[in-house]
1. In a shell of Cβ-Cβ distance under 11 Å around Ala34, excluding Ala34 itself, what net charge do Lys and Arg (+1) and Asp and Glu (-1) give?
2. Distance in nm between label sites at Phe60 and Lys22, each 7 Å beyond Cα in the beta-carbon direction?
3. At a threshold of 8 angstrom on Cα-Cα distance, excluding pairs fewer than six apart, so keeping six or more, what relative contact order does region 1-43 reach in percent?
4. Does the chain come out rounded, prolate or oblate by the C-alpha gyration tensor, with a ≥ b ≥ c the root eigenvalues, rounded set by a/c under 1.5 and, if not, prolate when a/b is larger than b/c and oblate if not?
5. Given a Förster distance of 30 Å, report the FRET efficiency between Ala51 and Ala29 from their Cβ-Cβ distance, rounded to the nearest 0.05.
6. Could you grab the relative contact order for region 3-131? Cα pairs under 8 Å, six or more apart, rounded to a whole percent.
7. What is the order of Trp45, Trp103, fewest Cβ neighbours within 10 Å to most?
8. What net charge do the residues around Val65 carry, taking every other residue with its C-beta under 14 Å from that of Val65, with Lys and Arg at +1 and Asp and Glu at -1?
Amino acid sequence: MSPPSRLLILLAIVIPLGLGTKLYEGPGAGWSHAYGGAICYEVFWILALKACLPRTSILFLSTGVFLVTSGLEFLQLSHHPWLEWIRAFELGRILIGDGFDPWDFAYYAIGCVMAVALHRSLVCRSRATQAASSTQLDQFRM
């Protein structure tokens, strides 16, 4: 399976998982709503950007996503009317948040590390496997 296909499969898993963190009502629901979604949010944006910008370093993308989402977290301290208008919509509230929480930074970092680890283990591994297979075929042909 090609690396882009693996990225799309990961995204197809992360999207409902992230939305599910907001709907979950069992044990640990408070943590899931507040922080599980933050982790999935980071993973989603990093993998989505990697799918759109395949030649860009995963570390560069994860750093950029961390900085942008951290900026959005600080933006939650602001209550300008246009921000409140965006937050009035469920999608706007999900995307830009509605309350500052310093703990979010730790979970953003965890999400970034998870995205890099997922990418390296599932996507980059396929490249290494393909390269090893190619080398074995070349040896066989000689």
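Every read-out reported here was derived from the displayed coordinates using simple, explicitly stated rules and does not represent laboratory data. Computed from a predicted structure; not experimentally measured. So basically every Cβ, Gly included, is an ideal-geometry build from the backbone, and we count neighbours across all protein chains shown.
1. Details: positive: Lys22; negative: Asp101, Asp104.
Value of the local net charge: -1.
2. It is 3.1 nm.
3. Result for region 1-43 is 38 percent.
4. Prolate, because a/c is 1.5 or more and a/b exceeds b/c.
5. On the way: r = 31 Å, r/R0 = 1.02.
Once the sixth-power term is evaluated, E becomes 0.45.
6. Working: 115 pairs, mean separation 43.3, N = 129.
Result for region 3-131 is 34 percent.
7. Placing the least packed residue first, the sequence is Trp103, Trp45.
8. Computed value for this residue: -2.
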